[in-house]
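Okay, structure first, notes after.
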Amino acid sequence: MTNTSSIVDREAAHFGSMAADWWDPKGKSAMLHKLNPVRLQYLRDRIDQHFDCDECQFRPLEGKSALDVGCGAGLLAEPLARLGAKVTGVDAAAEVIAVARGHAEEQGLEIDYRVGGVEDVEGQFDLVTAMEVIEHVAEPTAFVAALEKRLAPGGLLVMSTPNRTAWSKLLTITLAEGMGKIPRGTHDYDQFIPPEELQAMLGTVGLEVEDVTGIAMGPMKGLHLSDDMRLNYLVSARRA
Amino acid sequence: MDRSDVIILGGGLVGLAFAAALDSAGLRSIIVDPADPDSRLTGAFDGRTSAVSSSSKRMFDAVGISEHFPEPGCPIRVIRVADGLEPGGLAFDPQDDDEPLGWMHENRHLRMALLARARAGEKIDLRFGRRPVKTVRDAHRVRVTLDDGSETEAPLLVAAEGRKSPTREAAGIKLASWRYDHAAIVSTLRHEKPHDNIAYEIFYPAGPFALLPMTDDDGGHRSAIVWSVKKKDAPGFLKLSDEDFAAEAQAAMGGFLGQVSMLAPRTSYPLGFHHAARITDDRLALIGDAAHAIHPIAGQGVNLGYRDAAALAQVLVEGARLGMDLGDAQLLERYQRWRSLDTLMVAMATDGLTRIYGIPGKTASKVRRFGMQLIDRVGPIKQRLMDEARGTSGDLPLLLRGLPI
Ligand SMILES: Cc1cc2nc3c(=O)[nH]c(=O)nc-3n(C[C@H](O)[C@H](O)[C@H](O)COP(=O)(O)OP(=O)(O)OC[C@H]3O[C@@H](n4cnc5c(N)ncnc54)[C@H](O)[C@@H]3O)c2cc1C
């Protein structure tokens with residue numbers, strides 16, 4: 001594997017061990033499957049706003065390129081491909097990329113999957129996404145700088161990450177990991193980043209935040225988009 | 001291999017409406033049904049009349065079904081519920097300028113409109129006269145092989161096969177069902193006095209007698225009847241001469257529509273109630289009678305099916321706009337959650353109504369009448385019942401509000 005600043009080996013090994021049942025909605029990645037429609041909804045909304053697309057269209061990303069960093073087995077990369085984008089996905093865990101490739105082929109989707117980190121990718125993309133990744137990297141600032149380099153002029157960057165609050169610690173680590181809803185050892189609370197810090201970090205690499213939206217958990221609604229950012233939040237940014 | 005977004009098994013009332021809803025938003029479907037649809041457009045195949053609730057009507061408008069009706073249908077302006085011929089019934093009577101409570105359509109007209117809409121649908125691939133011989137649902141897709149050897153593939157299978165849905169059974173989905181000791185006698189009456197667009201639901205210990213207004217024809221006024229009788233009495237009712245049956249019906253109605261005669265042959269249907277424990281499985285969703293069937297007393301049967309169609313179409317269209325696999329477990333879970341509560345509530349309410357009215361005796365009659373008067377006076381309860389009849393209660397899918405998806 002290429003030597004990169006952003007990947008923590010321990011993290012790659014952890015996610016690699018989850019590869020096998022990544023696509024099982026009832027498996028170890030169940031929370032991720034539940035989270036997926038919520039973040040896709042946000043992503044679609046930002047895509048429509050940013051690129052001025054018709055919200056009813058089925059392929060708003062036709063003719064556009066997308067890079068998904070920390071793509072896992074393709075939970076986000078596949079929808080982006082269905083929305084019309086030419087997608088590149090990178091992930092540090094080789095086992096996971098192998099699963100992603102097999103799954104995309106079965107689905108009849110053409111996605112360029114690579115093992116590695118954002119530093120290993122060349123070229124620029126209209127859409128760059130990094131969902132639930134920054135809390136796992138060794139140097140967050142270097143990571144966002146690398147994301148910025150991959151962003152095409154006029155491009156859109158969308159990230160998501162847990163907030164550093166007692167609430168997110170309780171739900172994400174104590175409860176979800178404790179009860180086995182998320183595999184143990186997925187998160188390290190000290191690496192969680194609050195929205196203001198991420199916003200400042202993006203500013204230092206020349207990116208301007210377009211929107212910040214929370215992902216909240218409710219007894220009736222389940223996971224949903226919200227103004228409440230205590231648990232987890234999504235950020236979209238463009239070049240300043 | 002013919003690929004589509006959805007494969008629909010069953011091109012009955014609900015399957016066709018669902019395909020129209022998908023088509024209106026740009027999703028493709030393949031409909032497979034062994035029947036010959038054109039042979040069903042006569043009164044001889046299906047002489048029934050269905051109440052289309054105003055929310056279902058709004059969906060028909062929104063997805064382009066209404067424009068194919070050979071005639072507009074008969075609006076129901078008032079629903080009167082009575083305990084036998086005792087006074088003190090309950091009337092659901094919205095303000096004059098309000099939307100009607102529902103529309104009466106002859107089933108053959110419903111079928112004509114749905115079929116014409118499906119045939120006009122650019123994204124609808126109709127395979128009537130074809131039987132599915134092999135269905136495989138795996139992690140990535142559904143494949144259905146038809147009896148002419150053709151192969152179809154889609155990310156999702158929708159079963160709209162009616163009560164006996166073989167796909168539901170093959171999926172091992174359990175069914176909760178009640179069999180009533182009743183049968184419904186269905187026919188059409190000619191009557192002397194106009195119905196004034198009023199639907200009547202007259203409850204007798206043996207079961208409800210429902211009278212549903214139809215559009216006048218050249219011969220005069222007409223209404224459809226659905227008369228629930230004890231199962232053992234049904235053959236007797238069917239054997240009566242037209243004159244004798246008309247006389248029985250007139251007596252049951254207390255003669256308020258004047259002289260009555262028969263316009264159509266009588267048919268009888270056993271009454272039942274069933275409810276699938278789940279309405280989804282891996283890459284499978286059930287809609288319409290395949291998922292649930294209720295006592296036709298409240299005229300809600302097929303409307304529940306249209307609500308399934310509206311909800312599932314919205315879930316899929318919204319999922320497609322997010323780039324999701326249309327067989328994704330998250331989409332199916334949303335559909336299941338959205339529909340199950342509503343369906344069970346309507347089913348229970350309808351079943352409850354049948355049971356209350358099945359109790360003979362003076363006291364029971366008083367309780368019922370008292371209940372009706374009470375409901376009559378308590379605005380919110382009445383509003384709620386009226387909304388239920390209209391189909392506007394609960395968290396309504398967009399199509400049922402008349403909005404496009
Ligand atoms: C006496 C009576 C009165 C009623 N009155 C009313 C009323 O007033 N108002 C109301 O709203 N509802 C009423 N209903 C209920 C209403 O008729 C049903 O709810 C409605 O027909 C259900 O439609 P569906 O499309 O789900 O099923 P169906 O209409 O049963 O259609 C099922 C279709 O699937 C096809 N099929 C079967 N097996 C397969 C297979 N393996 N593969 C492919 N295709 C298959 C069949 O050929 C058929 O075309 C009444 C019912 C009865 C019995």
(message) Using a 1.4 Å probe and counting only protein heavy atoms, how much accessible surface gets buried when A and B come together, both sides summed, in Å² to the nearest 100?
(response) 1500 Å²
(message) I'd like to know which of B:294, B:262, B:252 lies farthest towards the positive end of the charge dipole of region B:224-311, counting +1 on Cβ of Lys and Arg and -1 on Cβ of Asp and Glu.
(response) B:294
(request) Mind ranking B:101-107, B:119-125 by how tightly packed they are, going by the mean number of other C-beta atoms within 10 angstrom, highest first? (result) B:101-107, B:119-125
(request) Give, as a single signed number, the net charge of other residues whose beta carbon lies under 12 Å from the beta carbon of residue A:141, with Lys and Arg counted +1 and Asp and Glu -1. (result) -3
(request) Ignore the peptide's own chain and count Cβ atoms of other chains within 10 Å of each Cβ in B:311-322; give me the average, rounded. (result) 3
(request) Would you work out what percent of the accessible area of region A:1-106, with all protein chains in place, is carbon or sulfur (probe 1.4 Å)? (result) 50 percent
(request) Skip the ligands, DNA and RNA, and give the accessible area per residue of the protein assembly as shown with a 1.4 Å probe, whole Å². (result) 41 Å²
(request) Note down the magnitude of the dipole of region B:1-104 about its Cα centre, charges +1 on Lys and Arg C-beta and -1 on Asp and Glu C-beta and zero elsewhere, to the nearest 20 debye. (result) 260 debye
(message) Can you tell me what percent of all Cα-Cα pairs in region A:180-240 are more than 16 Å apart?
(response) 57 percent
(request) Would you work out the charge dipole size for the protein assembly as shown about its Cα centre, treating the Cβ of every Lys and Arg as +1 and the Cβ of every Asp and Glu as -1, and quote it to the nearest 20 debye? (result) 2220 debye
(message) Viscosity 0.692 mPa s, temperature 37 °C: what is the translational diffusion coefficient of the protein assembly as shown from Stokes-Einstein with a Kirkwood Rh over Cα pairs, rounded to a whole number of µm²/s?
(response) 120 µm²/s
(request) Partner chain Cβ atoms within 10 Å, averaged over the residues of A:19-32 - can you pull that number for me? (result) 1
(message) Using the Cα centre of the protein assembly as shown as origin and beta-carbon charges of +1 (Lys, Arg) and -1 (Asp, Glu), tell me which of A:161, B:70, B:215 is placed farthest towards the positive end of the dipole.
(response) B:215
(message) Given N residues in region A:100-240, what is its alpha carbon radius of gyration divided by 2.2 N^0.38 Å?
(response) 1.12
(message) For a protection proxy built on the mean count of beta-carbon atoms within 10 angstrom, sort A:97-103, B:213-219 highest first, please.
(response) A:97-103, B:213-219
(request) Calculate the translational D of region A:69-133 in whole µm² s⁻¹ from Stokes-Einstein, where the hydrodynamic radius comes from the Kirkwood formula applied to all Cα pairs, the temperature is 20 °C and the viscosity 1.002 mPa s. (result) 185 µm²/s
(request) Mind checking B:323-336 for the average number of partner chain beta-carbons within 10 Å of each residue's beta-carbon? (result) 4
(request) Name the residues of region A:48-81, by number, that are at least 40 Å² less accessible with every protein chain in place than in the isolated chain; the surface is that of heavy atoms, probe 1.4 Å, without ligands or nucleic acids. (result) A:58
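The values are calculated or read from the model by the stated rules, or taken from the named source; none is laboratory data. Computed from a prediction, not measured in an experiment: that's the story for all the values here. Positions of Cβ are backbone-derived with ideal geometry, glycine not excepted, and every protein chain shown enters the neighbour counts. The protein model used for the area step is the full one, side chains on, heavy atoms only, and it has no ligands, DNA or RNA in it. Shrake-Rupley method; radii C 1.70, N 1.55, O 1.52, S 1.80 Å.
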